[in-house]
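Data block below; observations after.
What follows is calculated from the coordinates using simple rules that are stated; it is not laboratory data. Please read all numbers here as calculations on a predicted model, not as lab measurements. Note: ideal-geometry Cβ built from the backbone for every residue, glycine included; neighbour counts use all protein chains shown.
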Amino acid sequence: MIAAPQVVAPHWSQYDARISFRLFAAGAVAGIFQLYYPFGSGAGEIEFGDGFEMLAIARNVAAHGTFANPFLIDKTGPTAVVPPIYPLVLAALTWLLSDAGLVSMAAVIGCISVNALVASWLPRISSLFYGDPIPGVVAAVFWLVTAPLMPSWDTSYTVAGLLLLCLLTASSQRTAGWTLAGLATGIVGLLNPASILVSLPWAAYMLARWRLPWKQTAKQGCALLTSSMLIVSLWALRNYEALGAPVVRTNMGMTLYASNNPCAKSSLIEDARDGCYQTHHPNHSVTEARLLQSMGEVEYDRQRVADAKRWISANPDRFRELTLGRFREFWFPIPGNRAYMTYVIWLATLLSIPGLILMAKRREPVTLFVTAVLLIYPLMYYVVVTDVRYRYPVLWLSFLPAGYFALGVLRLARRGGCRQAAGQYNTGLQD
């Protein structure tokens, strides 16, 4: 029998490992610098405190042992408004450290460390994508400048989890390895359920690239899906017990309703400034919180989805205007406190377009995966208020094509310089 061709990440040399170590160190320095020497109008202390659902749940878990009461304005009981992994991590920190200041510092250190890991892994992901770590080094530089310190959210951990999944699924053809990758997929899915729009296409891409016999391919795919569903089903069973329905998350309706109404704006920054989002969301509205209490979280979510759909049907022109604005702001976010980060995201987004074109022209196999994810993942965010943190789980998929294009331009310039030098040398010989 002829062995199936193997698709593996290129050999990771000692030189490449040194690059990753230096990028990790640079990430740690960049995080500390951002913490103590922020740039930009209004930049200052890291947001961590009242008003953040994940932190509110963490405090409730640490104090009362129940995953409940996510909202600032009132206690609304058991919840699935956010996924469970990161609130449980914060709850463990809260229980262990007790002091709010120590919890905040530990959460910030965690963000800095994970962001540094992402920077150090990007060259390895680049080697997996292109057989060359250099685009990943460029991507890591972009990441070091834009890496957020968002200890109140799962953002950094979701990015790191997705990169780790890419490396795990590429490192083994064994069923056991894909079972482990499936468990990791489920865990990352409970950090951010939207991550499945990245992890499952990546798994499909890798299975296609392995070109194994179809039975083995099916076995690996089933191992990944079964183990990931096992993890997610544990959370769904908890929600069935606590909320009466095997849901994974219950925030779609409240977010859609708060994003599409007569006073809605396209971005969360503008909506929050005008107070519109707060008056339509149970985190700040007493009316909405008490309605949620009376209806139950699952039914409230369903009702608010229906209400948002009715408003959209009755106001198609305004909805179209909001959607177009959100499309633009997803790719080119509105500058916030640290405006320099936003402008670097703009630059990388612009560079990623010719990068993807160059990848397609050179027939890089990974082009289809990157393009598909960048087309599919943002769709849900075109119909709700925009916020820069929604972009981060796929931002690295813009940074890598941007790095690929930058490297292509650099090599083209070098070749042009070499030809010019050779021409001058030949002219000198003729003279």
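Evaluated against (1) under 29 Å from LEU163 (Cα atoms); (2) in a helix (DSSP H, G or I), GLY49 falls short on exactly one condition, (2). ARG310: free of Cβ contacts under 8 Å to residues at least 40 places away in the same chain and touching a Gly at 6+ places or on another chain (Cβ under 9 Å), yes or no? Criteria not met by ARG310.
Only a single item in (1) more than 25 Å from ASN337 (Cα to Cα); (2) part of a helix (DSSP H, G or I) is not met by PRO282, and it is number (2). When region 379-395 is limited to residues that are more than 23 Å from LEU368 (Cβ to Cβ) and either hydroxyl-bearing (Ser, Thr, Tyr) or not in a helix (DSSP H, G or I) (or both), the one that is nearest to the chain's Cα centre (by Cα) turns out to be TYR390.
Kindly indicate whether ALA236 is farther than 24 Å from VAL159 by Cα, among the aliphatic types (A, V, I, L, M) and surrounded by fewer than 18 Cβ atoms within 10 Å (Cβ to Cβ). Spelling it out, it is not the case that ALA236 is farther than 24 Å from VAL159 by Cα, among the aliphatic types (A, V, I, L, M) and surrounded by fewer than 18 Cβ atoms within 10 Å (Cβ to Cβ).
From the list VAL118, VAL159, VAL103, VAL138, which one is in a helix (DSSP H, G or I), in contact (Cβ under 8 Å) with a residue 12 or more places away in the chain and closer than 25 Å to ALA236 by Cβ?
Being in a helix (DSSP H, G or I), in contact (Cβ under 8 Å) with a residue 12 or more places away in the chain and closer than 25 Å to ALA236 by Cβ holds for just one of VAL118, VAL159, VAL103, VAL138, which is VAL159.
Within region 93-148, restricting attention to residues that are polar (S, T, N, Q) and over 30 Å from ILE57 (Cα atoms), which residue is surrounded by the most Cβ atoms within 10 Å (Cβ to Cβ)? Here the answer is SER126.
Listed here are the residues, each with its yes/no results for (1) among the β-branched types (Val, Ile, Thr); (2) part of a loop (DSSP other than H, G, I, E, B); (3) surrounded by 15 or more Cβ atoms within 10 Å (Cβ to Cβ); (4) touching a residue at least 40 places away in the same chain (Cβ under 8 Å).
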| site | (1), (2), (3), (4) |
| --- | --- |
| THR179 | yes, no, yes, yes |
| THR185 | yes, no, yes, yes |
| SER199 | no, no, yes, no |
| LYS215 | no, no, no, no |
| CYS263 | no, yes, no, no |
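Of everything in region 367-386 that is surrounded by fewer than 19 Cβ atoms within 10 Å (Cβ to Cβ) and in contact (Cβ under 8 Å) with a residue 60 or more places away in the chain, the residue that is farthest from ASN251 (Cα to Cα) is LEU368. Is it the case that some residue within region 281-296 is of a type in the set (Val, Ile, Thr) and surrounded by 17 or more Cβ atoms within 10 Å (Cβ to Cβ)? Taking every residue of region 281-296 in turn, none turns out to be of a type in the set (Val, Ile, Thr) and surrounded by 17 or more Cβ atoms within 10 Å (Cβ to Cβ). Condition test on THR323, is it under 28 Å from the mean Cα position of the chain (by Cα), assigned to a helix (DSSP H, G or I) and farther than 23 Å from GLY253 by Cα? Considered against the rule, which asks whether it is under 28 Å from the mean Cα position of the chain (by Cα), assigned to a helix (DSSP H, G or I) and farther than 23 Å from GLY253 by Cα, THR323 comes out as no.
If you go through region 396-404 one residue at a time, do you hit one that is without any contact (Cβ under 8 Å) to a residue 24 or more places away in the chain and in a helix (DSSP H, G or I)? No - not one qualifying residue is present in region 396-404.
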